[in-house]
Amino acid sequence: MSGLFPQRNDYGDGSFDELATELRALGITRVGDFKRLMTRYRRALLSFDRAPRSGFERRLAIHDLGAAFVADRERRQYWFAYPGLVRTAIEMHFGEDAVPSKREE
């Protein structure tokens, strides 16, 4: 991930263990498969990451993460940690139902 995406997105304590299981279930079993997925959607992911959040998303994030967190992300124009970028790429490629949290909603 650090070779494809900015270092600023490498934050948080999210685990890739759960993601590895999800990726395997979708047929992404090799590093090359993963790299192709992330490279294919790299520009769209970076654009999505920099885009301003809606008022609702912003209020929800302030409630969950705090105003300082949101202000910093808005100022530096990034939002997602690496696991969030991977899940977004999965959604872009396989559809929203491919992400377990979307299926539960």
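None of the figures in this text is laboratory data; all of them are computed from the coordinates on show. All figures in this text were calculated on a predicted structure; none of them were measured in a lab. Every residue, glycine as well, gets a Cβ built from its backbone with ideal geometry; the counts of neighbours run over all protein chains shown.
Mind listing P(r) for the chain? All alpha-carbon pairs, 10 Å bins, whole percents.
Going from the shortest bin to the longest, the percentages are 14, 45, 34, 8.
Given contacts defined as C-alpha pairs under 8 Å and at least six residues apart, what's the relative contact order of region 1-101, whole-number percent?
Details: 61 pairs, mean separation 40.2, N = 101.
Taking the mean separation of contacting Cα pairs over the length of region 1-101, I get 40 percent.
Taking amide H positions as placed 1.01 Å from N in the peptide plane, with prolines and chain starts having none, which residues 5 or more places from TYR41, or on another chain, fall under 5 Å of its amide H?
none
Report, to the nearest 10°, how far helix 55-65 tilts away from the longest principal axis of the Cα atoms in the chain, using its own Cα long axis and a range of 0 to 90°.
With both axes taken from Cα atoms, the answer is about 90 degrees.
In region 1-44, which residues have a backbone nitrogen under 17 Å from the label point lying 7 Å from ARG75's Cα in the Cα-to-Cβ direction?
Zone members listed by number: 8-9.
Please work out the FRET efficiency for the pair ASP33 and ALA67, using the Cβ-Cβ distance as r and a Förster radius of 41 Å; give the result to the nearest 0.05.
E between ASP33 and ALA67, to the nearest 0.05, is 0.55.
Using only Cα atoms, tell me the angle between helix 82-94 and the longest principal axis of the chain; keep it within 0 to 90° and round to the nearest 10.
60
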